Structures are given as structure tokens and as C-alpha cells.
1. Would you mind ranking C449, C397 so that the residue whose beta carbon has the fewest other beta carbons within 10 Å leads the list?
2. When the Karplus curve 6.51 cos²θ - 1.76 cosθ + 1.60 is applied with θ = phi - 60°, which whole-Hz ³J(HN,Hα) does each residue of the range 229-240 get, with x for Gly and Pro?
3. Mind checking the alpha-carbon convex hull of the range 353-449 and giving the volume per residue in Å³?
4. Name the residues whose placed amide hydrogens come within less than 5 Å of the amide hydrogen of V78, ignoring near sequence neighbours (fewer than 5 apart) on the same chain.
5. Using label points projected 7 Å from each Cα along Cα→Cβ, tell me how many nm separate A437 and N412, to one decimal.
6. What residue among P354, Y313, H435 has its Cα farthest toward the positive end of the dipole of the range 293-449, where the charges are +1 on Lys, Arg and -1 on Asp, Glu, each on the Cβ?
7. Using a 10 Å cut-off around each Cβ, can you sort V370, V79 from fewest to most neighbouring Cβ atoms?
8. With a 10 Å Cβ neighbour count serving as the proxy for reagent exposure, in which order, fewest first, do D199, D321 appear?
Amino acid sequence: GPENARDLYVRVTPRGVAQVGPPLPDLSPGSLKAGQDAWFSQHLAVVGAQRSWSGKSALLDTVVRESAVFAGEGRAVVVIDGDSLTRVGAGLVRDDPEAAPDPARDSIELTTLGALIRQLRGDADGEDDGPVVVSTGAPGALTELLSDLGVPLIVRVPSGLDQVWQVRDPSGTVLHEANELGSEHFVRAPKSNTAVEADPDALRELEEWTRASSWTDAEQHLSSNLDVLLGDEVADALQVLLEADGQNRELGAYEVVLDLARDADGLGTPAQQALAPAAETVGAGDGGAERPAPEGPLSPVFALRYLERKATYEQRGAWNDQLLGLLYQGRLTAAQTVALARGVLAPEGSTTGPDRALTNARVFHGVGVVLEQTPEQAARGESDEAYRRALQLVEDCVVVPDDRWKFILRLNRLTQRLTRHGLPGRFDAEQAAGHIANLRLLTEKFSNC
């Protein structure tokens, strides 16, 4: 590698002895031999034998490309397949020979990772310039090890109906999250041993808000406590709660409300707060009830009122019209839209049968994946991984028949908008040809679920 590259080779022998030695002649992934446990060149390290990374070259290519910012900082990126760690019984000689046996941590990959991190930290120019670990999953043994070592983690985790990439500090607090792994994850990765801790007073304020008996009460509480709830300490505290209970549907909805309130620096103007779908009319609930959103930031009041229980499921359909329109206009992200749809814990209508809110969320997720594609991604069709997963989620859903045809009409209306206008502020109808095709296939899959 270049002169400033720190090339080394780490291996755990069959006896479990961690070794750090000179680099192999060729450090490219394609040159690995069976039995090798890590390779490291320039700023990137990969833990695991070649066979364990078979078929995952696209992920490594993404990490190399998006972590380029680290090459100039003297920091290393260590990649590990956290979803498929080797489970080995006690008796392995660990990187710390004095440590007591720990079957949960006695895996070749984790032993290698620990030795590698200590070596990299020893090579770092400053005491805070440690590595960051990128993992395909977050098993407890891995997160415990990184917490002990004070190393930040970039990790792929389930989120609602899909997967997201998170940046976590050594304490496990989520600092950044996005659907795709990008350079922003590496920019946001903290130096080692710089954990974010929740302020106890902020936690108390947040818990009082999130324990409101209804979304109407939550709106009133937000209005009365804006100065406190819009503080950075509360945002950090919410991340702590989400980290502890990431699948909590209400917390996910509260996160959207808080993000909108911070963007609007409050509740917004009276016109922004008044945004609501048209009154129930013929066609409402199938895409016909949407009203134009006022200029400026989207008010958190809309999100809170979307979450309120409606008198009828037809009214819920009208609010779904409005939600879909905001997604199309780019006023809400796909993740925000899904979080709001999932946050309706007591959907209107029968209390038996499928969870209508989750069905709604699956459809919104699929639409969001399509709308957030670049033209190049859309042109790949089912070869695009995120889109393929979205199709599977929609195809596997269980739906009330009345909901099915209402959503099909809603999706057909959206397809017509794409055909006529493209995506506002992004590209025209001609450039949206791949999106239109993908949305039509999504509609077809949903019609047959």
C-alpha cells in the first residue's frame, strides 16, 4: 500500500493464540486462503476467513468507498460479520490470557477483533484516535466487547419493516441513522471513549411526555413545554430510550414528532398546524382527500393528529391520503412515514383480524423505498436489494379486503402523478420511468397478497 498505510496481519491459530505479524504479500480479499482470520491494508480491516465473506463483496465495496474520509484522518475501519459469528466453547486462549473463560465471547472472530483493536489503538497518533467497527449485526457479545474497549460501532439493525444503518457511541447510544450506509455514518462516528449519556432531568421530562394518556394530551404537553422538549438533552434522552426499546412503536412516532418540532422550531404557524385532509367525500381514502401543505416546515401537530384515533376507518383512509401526499412531496421521509403509520396502536374498525396499522406501514415503506431511489437504483428493478425486500414485505402482508382496494386506488393515483409530474424537486416524468415501473409492480404484489 501507500507509504502511510499501516499493513499488518492478525490471526488466531487453532490453539486460539492471537498473533499480530507482518502483512501477507497480497492483501486483497480475493487472495485470501482458508484459515486466515483477518486482513488489513491502508485504513480498512476485515475480520473473518474468506469463506465467511462469500457473496458479500458489495458491502465491502460500499465500506471502502464511503469510509474514504478515514484514510486522511489516520483512523482505521474494522469490518465484521456480526450476524454470523463462530460459536466456540470455552477453552480458547483469548487476547487477554488472564481473562476468565467466557463462552459467549470465545469466538475466533471476536478474539481476533479484540487483538486487532488493541493493536490499532496502540498505533494511533492520539489517545482518542481509535478505530470504528462496522458490523452486519449487533449480537450481545459484540456490543459488550466494544463497550469494554470504548469503540464506536456502525451497525445494520432491523427497524420497523426494514433495516437501517446506525452509528452508536461506545455506550450504545444511537448518534445517526439512515437506510443506506453512507459517508455520513463515518463522519458522525465519534472518537473512542466519547459516549453520550442521557441527562436525568431530560429523561424525566421525556418520560412524562411519552406517558400521556392520548395523543391529544401529548400535543398539549408539547405545546406547554416546548423550551424543554426541544433541547438537545431531550433528543439525546430519546435516543437512549429508543436504543433500549427500538421496536417500541409509540417511541418511534414520538421521535418523528420531536424531529418535526425541532425543524419547525416549535409548532409552526397556524396555517401549518391546520393541515388536515379534506372532509369525508366520495373518493376520500383512496387518494382523493389530500390537501396541499402550506409552505415552510411541516408542523408536528399534523403528526400528532394523524396518530389520534379516528371516528371511522374511512377517516383514517383520508389521513393516509394526506400522509402519502407528504411522502411524495418529500415533506416526510420514508422512515418518518412508516413510523407514523406504525404508531397507530389502536386502529379504527374491528379489533380482530390483521393489524391494519402494520399493513399500512408495509405499503408506505414500499412506496418510500421507490420514491427515495435514484434513477440508477430504480432502473435496477428487483436487482435493487432494498426494493426487493420491500416487495417481499408487501407480498407477505395480510390485509382486510376493503383496505386492499382502497390502497390500490391510492397507489394508482400516485402512479398517475409520477407519470405526469415526476418527483417534485428531483427529476421529471421521463427520468422517473424506473420509479413508475417499480410502483406498478409494488401495486401488483399488494393486490395479490
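Please treat every number below as a calculation from the coordinates, not as lab data. This one's a predicted model, so the numbers in the text were calculated from it and none came from an experiment. Please note: Cβ atoms are built from the backbone with ideal geometry, for glycine as well, and neighbour counts cover all protein chains shown.
1. C449, C397
2. 6, 8, x, 4, 5, 5, 4, 5, 5, 5, 5, 5
3. Taking the convex hull of the Cα positions in the range 353-449, it is 78 Å³ per residue.
4. A45, V132, V133, V134
5. Between A437 and N412, the label points sit 2.3 nm apart.
6. Y313
7. Listed from fewest to most nearby Cβ atoms, that is V79, V370.
8. Ordered by Cβ neighbours within 10 Å, fewest first: D199, D321.
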